[in-house]
Amino acid sequence: MNALVQLSQRLSERETFSLVAVLALVGFVSFCIGWVTARTHKKGREDSLPIEMLPGFFWSADAQGNIGYISPNVCTYIGKTAETIRNDWRACVHPDDAAVRDHTWQVLRESGSPQEHDLRIRRHDGVYRWFHSRTEPLHGRNGEVLRWYTVTTDIEDRKQMEVALERNEQELRLTLERIPGMIVVNDASGELDYVNKQVLDYVGADISELRALGWAERLHPDDKERIVRGWLDCIEYKRPQYESFRLRRFDGEYRWFEVLNQPVLGLDGEVLKWYALLLDVEATRSAQQAVEQSTIQLRRLLETLPAMVWTAAADGEPDYISQRVLDFTGHTLSEIRASGWAKYIHPDDLQATGLIYRNAMKKGILYDSEHRLRRFDGVYRWVHVRAEPVFGETGEILRWYGINLDIDETKRAQEALRERDKHIQLVTDTLPGLVWSSFPNGTPSYLNRRVVEYTGRDLAYFTSSWHTMIHPDDLDVTIAAWERSIQTGEVYEIEHRLLRFDGTYRWFHVRCEPLMDSQGNVVHWYGLNTDITDRKNAAESLYRTHAKLAKTSQLVAIAEASASIAHEINQPLAAIVANGYACSKWLQNEHANIDRARLSAERIIRDGKRAADIVHRIQALFKNATPRMTSFDFEDLIEEVLRLMRAQRATSKVVLRRDLQEDLPLVRADRVQVQQVIINLIQNALDALQDNPPQKPAIMIESRWNGSQLTVGVRDNGAGLNGTENLFEAFVTTKENGMGMGLAISRSIIEAHEGKLWAANNEPNGAAFFFTLPLY
Ligand code: ADP
């Protein structure tokens, strides 16, 4: 465009120059003619004027137009005498221009006023050159034309220039037509001079319509006043106009244009033309608007982000802060720039933050730091600051984009959590037990201090080898129970011995409960091991004391019973003995006294019977322990028996199984006595398994109900029985410390309940004892 304007300006200057030159010349010549006319009139002479000295041809003619005077340079130029020229002036004029001259002379004669025209005059060498001819009349006193004076000036150069100019102008116009923009040329006063085709196409009008209606009418109403005023100002102050406005298209749609309206000045500094280039910027503007829109949105986003957003130049100096930074610090960007960020950082955090900052700046890496930042009210709050550099094409840092997140609440929560953790740690460490936890798959995840102190092992050791800490005799059962819990999610509860750091084992009661999620999946296991060695020892010694006591009391009871039996039986026995002596004495003499002997014998029989009665009575004593009948749940009874016998069972490795029929009706019997029977049978089985233990010692308790009676069995896989009959007799025992009373008493109890107790060999080995109880 610039080149175009320059070109047009250059052309215009040349054009202007020529025009000015011509006009100046014409003015000068007119002045000369006036002067010559005056002189001629005064002196009445035509041929002795120094007019030949003047540039130009001079002619005069009479009122009718007949050539009179011809300046000599005309003759020289044409190469003919004045006479010849006068006679055939047409021969000197270009054939195409003769008519123009005729017409001019006609007008001259009719109007009597000065006339001008251009014509080509043939030079002596046959070359036609352009001349400008101006003819003025010399009037008589009555206003009539006396003579005509003509001055003819060579304008060949100007003409050629005009032609060149016209050609150039044509080329220029062609160029303008092809420019992908709209060109408007106005004259100095602002009148429309020229528009290119693009303008006409756009407005859908021809230039005359445009001229008639003017531009303003096509401007958007919102832009009209501003543009018109601007345009008038430009005309007045001759300064270029740069504007944006909306211009109506032929279809009524307004589109945005940018106009550059440049004045072209002449040599005198006056405006010759206004050249305006209008560019359709609708698309750019929409794009720009879209960019502006997205910039606004981005800014809005940045402002609404719940974080302090900022950017900084490559050297770290902030160049943008979001509203939240302003709200937090209470300071503007320029204030922050002036003081620097460091002023807002807590003095205690300054050193560490400075290190991170310098490192990030030096290496151009992410700046990531947590520190306290001073708020507008002087309160320091924890912030998490992250800033990333953006690099240029050559790898240099262009800018930093940063974000500060207020993490004060989180920090406090973390602090509280840490405190709580410490507290929990303290609690778990001081708990009088070994506290541990494990992942859902059973891998240990935590041990309290006491576990580490007791075992002398740390978590890493437990993770790989916890089973080495369990007593070998308890290991299988422990692993089985733990695996079952891991699989089923059931509470894990067991008692086992755990190796202490000094190589001794102690008994622990272990209970581990799962923490479940809402779907019932185990999230974690939490376990507590309680040292029960002392309790266990106490229970055992208690049991042993009980056993001893029971045995002692049994012995005492038997001793007492024996004493009373002896006492009771002693009397009839003494009487029997005495009567026996007497009877024998009565029969020894020659004079045997048969009657007396018979009497003694009868007394012996009587006392013998008495002794037998006493024995029967003692038997009846065992038999007739009248039961106290109550109704009870048989399964409960078994549970209780097992609980009572826990101590005995704990010392052995015997596995106790139950096979109890479900839905049993309540049993009606003397609960304590039946319990005694079962305890006795289980104790016998335990004794049998301990004396000669099999590989997997086991006891099975079973119950069956056939509708009228309950059959209870106690089986073991011990050594078994040598015959089954005399077992139930009193004082039959194979044990060192045995009394041989258990089975006898048990049978008498069961029989007192109208049931039966018997023994059998168990298959494939061991003993089996059964008893029945009728159900009511
Ligand atoms: P004690 O238990 O004092 O010996 P019992 O009358 O209870 O008295 O038992 C008598 C005997 O019967 C026992 O000494 C033992 O020889 C035998 N006996 C009892 N139960 C069993 C059993 N389950 N297996 C092998 N022998 C048994």
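Numbers below:
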| quantity | calculated |
| --- | --- |
| Tabulated pairs, region 214-229, first over 22 Å from Val185 (Cβ atoms), second of a type in the set (Ser, Thr, Tyr), C-beta under 8 angstrom, 6+ apart or interchain | His220/Tyr254 |
| Filter result for Tyr202 (without any contact (Cβ under 8 Å) to a residue 40 or more places away in the chain and not hydrophobic (A, V, I, L, M, F, W, C)) | no |
| Odd one out for Asn186, checked against (1) touching a Phe, Trp or Tyr at 6+ places or on another chain (Cβ under 6 Å); (2) over 15 Å from Leu277 (Cα atoms); (3) not basic (Lys, Arg) | (2) |
| Top-ranked residue in region 760-776 [being of a type in the set (S, T, N, Q) and outside any loop (DSSP other than H, G, I, E, B); ranked as farthest from the ligand (Cβ to nearest atom)] | Thr772 |
| Condition met for Arg643 (under 23 Å from Ile745 (Cβ atoms) and either buried (at least 18 other Cβ atoms within 10 Å of the Cβ) or within 16 Å of the ligand (Cβ to nearest atom) (or both)) | no |
| Exclusive hit being open to solvent by 50 Å² or more (accessible area, probe 1.4 Å), among the hydrophobic types (A, V, I, L, M, F, W, C) and touching a Lys or Arg at 6+ places or on another chain (Cβ under 9 Å), set Val435, Val427, Val477 | Val477 |
| Residue check for Asp118: over 60 Å from the mean Cα position of the chain (by Cα) and closer than 17 Å to Arg90 by Cβ | yes |
| Test: residue in region 360-374 that is open to solvent by less than 60 Å² (accessible area, probe 1.4 Å), of a type in the set (S, T, N, Q) and in contact (Cβ under 8 Å) with a residue 40 or more places away in the chain | no |
| Residues that are assigned to a loop (DSSP other than H, G, I, E, B), within 9 Å of the ligand (Cβ to nearest atom) and in contact (Cβ under 8 Å) with a residue 12 or more places away in the chain, drawn from region 735-759 | Lys735, Asn737, Met739, Met741 |
| Some residue of region 652-665 being more than 30 Å from Val477 (Cβ to Cβ), open to solvent by 40 Å² or more (accessible area, probe 1.4 Å) and modelled with pLDDT of 85 or more | yes |
| Positions within region 698-721 being more than 8 Å from the ligand (Cβ to nearest atom), farther than 21 Å from Asp633 by Cα and outside any strand (DSSP E or B), in sequence order | Asn717 |
| Conditions (1) assigned to a helix (DSSP H, G or I); (2) open to solvent by 20 Å² or more (accessible area, probe 1.4 Å); number of the one not met by Val451 | (2) |
| Scope region 210-220; condition open to solvent by less than 90 Å² (accessible area, probe 1.4 Å) and either touching a strand residue (DSSP E or B) at 6+ places or on another chain (Cβ under 9 Å) or under 18 Å from Ile183 (Cβ atoms) (or both); matching residues | Leu210, Gly214, Trp215, Glu217, Arg218, Leu219, His220 |
| Of all residues in region 505-529 being farther than 19 Å from Pro432 by Cβ and without any contact (Cβ under 8 Å) to a residue 24 or more places away in the chain, the one that is least open to solvent (accessible area, probe 1.4 Å) | Asp517 |
| Of all residues making up region 474-512, the number that are of a type in the set (S, T, N, Q) and within 15 Å of Lys653 (Cα to Cα) | 1 |
| Odd one out for Arg649, checked against (1) within 16 Å of the ligand (Cβ to nearest atom); (2) closer than 21 Å to Pro764 by Cα; (3) touching a residue at least 24 places away in the same chain (Cβ under 8 Å) | (2) |
| Residue match in region 418-433 (condition: touching a strand residue (DSSP E or B) at 6+ places or on another chain (Cβ under 6 Å) and small (Gly, Ala, Ser)) | yes |
| Positions within region 60-71 being open to solvent by less than 40 Å² (accessible area, probe 1.4 Å) and either farther than 16 Å from Arg101 by Cβ or not in a loop (DSSP other than H, G, I, E, B) (or both), in sequence order | Ser60, Ala61, Ala63, Ile67, Gly68, Tyr69, Ile70, Ser71 |
| Members of region 99-113 that are surrounded by fewer than 16 Cβ atoms within 10 Å (Cβ to Cβ) and either touching a residue at least 40 places away in the same chain (Cβ under 8 Å) or more than 13 Å from Asn66 (Cα to Cα) (or both) | Ala99, His103, Val107, Arg109, Glu110, Ser111, Gly112, Ser113 |
| Odd one out for Asn680, checked against (1) out of contact with any Gly (no Cβ under 6 Å at 6 or more places or on another chain); (2) within 15 Å of the ligand (Cβ to nearest atom); (3) polar (S, T, N, Q); (4) not in a loop (DSSP other than H, G, I, E, B) | (1) |
| Residue among Glu169, Glu136, Glu191 that is farther than 30 Å from Ile85 by Cα, more than 60 Å from the chain's Cα centre (by Cα) and surrounded by 16 or more Cβ atoms within 10 Å (Cβ to Cβ) | Glu169 |
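For every residue, the table says whether it meets (1) surrounded by 15 or more Cβ atoms within 10 Å (Cβ to Cβ); (2) of a type in the set (Asp, Glu).
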{"residue": "Gln673", "(1), (2)": "yes, no"}
{"residue": "Leu686", "(1), (2)": "yes, no"}
{"residue": "Ile699", "(1), (2)": "yes, no"}
{"residue": "Val712", "(1), (2)": "yes, no"}
{"residue": "Asp716", "(1), (2)": "yes, yes"}
{"residue": "Ala719", "(1), (2)": "yes, no"}
{"residue": "Asn722", "(1), (2)": "no, no"}
{"residue": "Glu729", "(1), (2)": "no, yes"}
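The values are calculated or read from the model by the stated rules, or taken from the named source; none is laboratory data. Remember, it's a predicted structure, so these values are computed and weren't measured experimentally. Backbone-built Cβ (ideal geometry, glycine too); neighbour counts: all protein chains shown. Keep in mind that these areas ignore ligands, DNA and RNA; they rest on the heavy atoms of the full protein, side chains included. Shrake-Rupley method; radii C 1.70, N 1.55, O 1.52, S 1.80 Å.
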